[in-house]
Amino acid sequence: MRPSQRMRDLGVVQQGAAILTEPARAFDLPAEKDEAERVVDELFAAIDRISQVHPFAKGVGLAAPQIGISRAAAVVQPPGDAPAIVLLNPMVTARSGETDEQYEGCLSFFDVRGLVPRALKVTVETAALTGEPLTTVYEHGLARLIHHEVDHLDGLLYAARMRTGVEPIPVEEYRQTGRAWVYDGT
């Protein structure tokens with residue numbers, strides 16, 4: 001079974017679905033606190049299902065549109081035992097000028113990996129369930145994970161960030177590159 005079919009079977013919306021190219025609707029917090037909690041619970045449940053069939057040594061993220069919910073929520077599980085990061089109404093408010101280019105994968109088109117340039121440091125503003133703004137700076141691999149998920153909520157897939165003329169490669173070919181870092185796959 002192809003990796004993308006496995007993700008589809010686990011409830012992950014696949015590339016080509018309109019919901020993945022449309023900006024997600026922000027929550028009105030705290031008025032929609034219960035709805036935000038429900039969506040976040042669904043994201044955690046989906047990550048749990050996915051993680052049972054595919055290991056993610058480098059971390060994993062999932063945005064609400066990827067499970068068919070057009071709301072501005074995402075969950076990122078960093079590698080190791082670090083606590084999960086919940087992003088509600090996130091916006092990247094600053095990026096470092098220093099970038100690198102690494103392979104990323106996406107649960108919504110899991111058969112390929114693509115070289116994506118991203119800032120090594122991003123500042124992200126999110127909302128707490130109370131509606132209060134929270135600002136956090138993320139660096140290196142975690143900045144990449146977070147920015148990837150924020151892009152999903154803006155209706156962007158990583159291929160839109162790839163350099164002109166660079167195309168995603170089949171996962172089988174990627175495994176032979178020896179590149180050290182991957183967003184959410186092997």
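The values are calculated or read from the model by the stated rules, or taken from the named source; none is laboratory data. The model shown is predicted, which means the values in this text are computed figures rather than measured ones. Methodologically, a virtual Cβ is constructed for each residue, glycine included, from the backbone with ideal geometry; neighbour enumeration extends over all protein chains shown. Calculation scope for accessible area: heavy atoms of the full protein, side chains included, ligands and nucleic acids excluded. Shrake-Rupley method; radii C 1.70, N 1.55, O 1.52, S 1.80 Å.
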Checklist entry - Pick from segment 170-186 the residues that are assigned to a helix (DSSP H, G or I) and either surrounded by 13 or more Cβ atoms within 10 Å (Cβ to Cβ) or not acidic (Asp, Glu) (or both): which of them is modelled with the highest pLDDT? => result VAL171
Checklist outcome for this item: Sole miss for MET1 among (1) more than 21 Å from TYR138 (Cα to Cα); (2) out of contact with any Gly (no Cβ under 8 Å at 6 or more places or on another chain); (3) open to solvent by less than 80 Å² (accessible area, probe 1.4 Å) is condition (3)
Next on the checklist: I'd like to verify a number: residues in segment 116-169 that are among the aromatic types (Phe, Trp, Tyr) and open to solvent by less than 10 Å² (accessible area, probe 1.4 Å), how many?
Outcome noted: 1
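Let's see how each residue does on (1) open to solvent by 50 Å² or more (accessible area, probe 1.4 Å); (2) acidic (Asp, Glu); (3) assigned to a helix (DSSP H, G or I):
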site: VAL13; (1), (2), (3): no, no, no
site: LEU20; (1), (2), (3): no, no, yes
site: ALA36; (1), (2), (3): no, no, yes
site: VAL39; (1), (2), (3): no, no, yes
site: GLU42; (1), (2), (3): yes, yes, yes
site: ILE47; (1), (2), (3): no, no, yes
site: ILE50; (1), (2), (3): no, no, yes
Checklist entry - Failed condition for ALA160, given (1) touching a helix residue (DSSP H, G or I) at 6+ places or on another chain (Cβ under 8 Å); (2) small (Gly, Ala, Ser); (3) farther than 17 Å from PRO3 by Cβ; (4) part of a strand (DSSP E or B), with all others met? => result (4)
